[in-house]
1. Could you tell me whether the range 203-221 includes any residue that is open to solvent by less than 40 Å² (accessible area, probe 1.4 Å), over 30 Å from Thr60 (Cβ atoms) and over 35 Å from the mean Cα position of the chain (by Cα)?
2. Looking at the range 68-100, which of its residues are open to solvent by 70 Å² or more (accessible area, probe 1.4 Å) and under 23 Å from the mean Cα position of the chain (by Cα)?
3. Could you check how many residues of the range 187-221 are assigned to a helix (DSSP H, G or I), at pLDDT below 90 and within 17 Å of Trp160 (Cα to Cα)?
4. Among the numbered criteria (1) touching a helix residue (DSSP H, G or I) at 6+ places or on another chain (Cβ under 9 Å); (2) exposed (fewer than 10 other Cβ atoms within 10 Å of the Cβ); (3) aliphatic (A, V, I, L, M), which one does Val65 miss?
5. Within the range 171-185, count every residue that is open to solvent by less than 40 Å² (accessible area, probe 1.4 Å) and farther than 18 Å from Gly208 by Cβ.
6. List the pairs whose first member sits in the range 82-101 and is more than 20 Å from Val70 (Cα to Cα) and of a type in the set (S, T, N, Q), whose second member is part of a loop (DSSP other than H, G, I, E, B) and modelled with pLDDT under 90, and whose Cβ atoms are under 7 Å apart, counting only residues at least 6 apart or on separate chains?
7. Can you report the number of residues in the range 127-152 which are surrounded by 15 or more Cβ atoms within 10 Å (Cβ to Cβ), of a type outside the set (Lys, Arg) and under 24 Å from Ser218 (Cα atoms)?
8. Given (1) touching a Leu at 6+ places or on another chain (Cβ under 9 Å); (2) modelled with pLDDT of 90 or more; (3) of a type outside the set (Gly, Ala, Ser), identify the lone condition not met by Asn153.
Amino acid sequence: MVAVAAATALLGGLSRVLLFLSQLYILTGGESTETPAYVMKCPSNGLCSKLPADCIECKTNYSCVYGKPVTFDCTVKSHVTCVDQNFTEQHNFTINMTCSFCWQLPETDYECSNATNCMTVSCPRQRYSANCTVHDHVHCLGKRTFPKMLYCNWTGGYKWSTALALSITLGGFGADRFYLGQWREGLGKLFSFGGLGIWTLIDVLLIGVGYVGPADGSLYI
């Protein structure tokens, strides 16, 4: 009986030690069951070629010719599943993109932080340092977050209400375009009598919605 009790106590001690070691192994990352943060951006069972850049790893070639189409071999990251056009699960696939670094992309392909130190009325050459991040669905070379110098939004004193009033009352003579600094268009409206009224009506709409603004690129007051 004593031997059985001793064996039982020994087994109990070993089980507690093993339990402690297994918990320690998990806490140190040995078998972490946590889902990576990037998985939230990855649609399940979607097309591999349409996955966001954060969901895949590609063998990029930095010696490609800028602006030319290029094909890269890619692999999906762990915890990510995707399929081809035949709905067959894939792990390795290719993507087609244009050879370009992320900072060379058009402005429509990334978003930048807003300025906090720009003056409302200032020289149009004033710039500020912004951090820009490429959209998830856009593929490019290099870092997807990068600094960039952008122009501040500024105003030259032009009023939207004044431009709209001139467009309605004297638009046939090009007064609205002259006011906004667009003298070529103003001369065109002046000598065509506002495009026989058609150009005048179009400008009223364009200025009314803010599509036509000052020629120097500034904002309305």
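1. no
2. Result: Lys68, Pro69, Thr71, Thr94, Asn96, Thr98.
3. Residues flagged as assigned to a helix (DSSP H, G or I), at pLDDT below 90 and within 17 Å of Trp160 (Cα to Cα) within the range 187-221 amount to 0.
4. Status for Val65: all satisfied but (1).
5. Number satisfying all stated conditions: 1.
6. Taking only residues 6 or more apart or on different chains, the pairs are Gln90/Asp84.
7. 5
8. Checking Asn153 against (1) touching a Leu at 6+ places or on another chain (Cβ under 9 Å); (2) modelled with pLDDT of 90 or more; (3) of a type outside the set (Gly, Ala, Ser), the one that fails is (2).
The values are calculated or read from the model by the stated rules, or taken from the named source; none is laboratory data. Worth saying up front: this structure is predicted, and the values here are computed from it rather than measured. Positions of Cβ are generated from backbone atoms using ideal geometry, with glycine treated the same way; all protein chains shown enter the neighbour counts. With ligands, DNA and RNA removed, areas are computed over all heavy atoms of the protein, side chains included. Shrake-Rupley method; radii C 1.70, N 1.55, O 1.52, S 1.80 Å.
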